[in-house]
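Since the structure comes first, as structure tokens, the remarks are kept for the end.
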């Protein structure tokens, strides 16, 4: 039950950040024209793995909310970012809850 609450809360947060973040990005881009000379390594990684890689890795590496903000700032489409971030959240929640459960079970079996 806690896993479902965790997944739901994280996905709601991702949707909110994606909604507000896309509007904020548009506003910032209008305020400041960006130069495309040297975008740096983050763009190289973004071009290689895209929204799928970000959605699957961000929940465990940076957190889903910060990962969503990164994706929006890099110009990801909101709906695909939310979908892939949700998939990543679900996968990592299942993995971490399973590992925690096995760890507690193993710990209890050692000390019985």
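Quick one: length gained pulling residue 2 to residue 98 fully straight, 0.36 nm per residue minus the C-alpha distance?
On the way: separation 96, 0.36 × 96 = 34.56 nm, distance 1.22 nm.
Length difference between fully extended and current span is 33.3 nm.
Sorting check: for 45-54, 85-94, which peptide has the highest mean count of neighbouring beta carbons within 10 Å, and how do the rest follow? Present the calculation step by step, with values, prior to reporting the outcome.
Details: 45-54: 14.9, 85-94: 18.9.
My ranking of the peptides, most packed first, is 85-94, 45-54.
Each value in this text was obtained by applying a stated rule to the coordinates, not by laboratory testing. A quick note: this is a predicted structure, and the numbers were derived from the prediction, not measured. Note: ideal-geometry Cβ built from the backbone for every residue, glycine included; neighbour counts use all protein chains shown.
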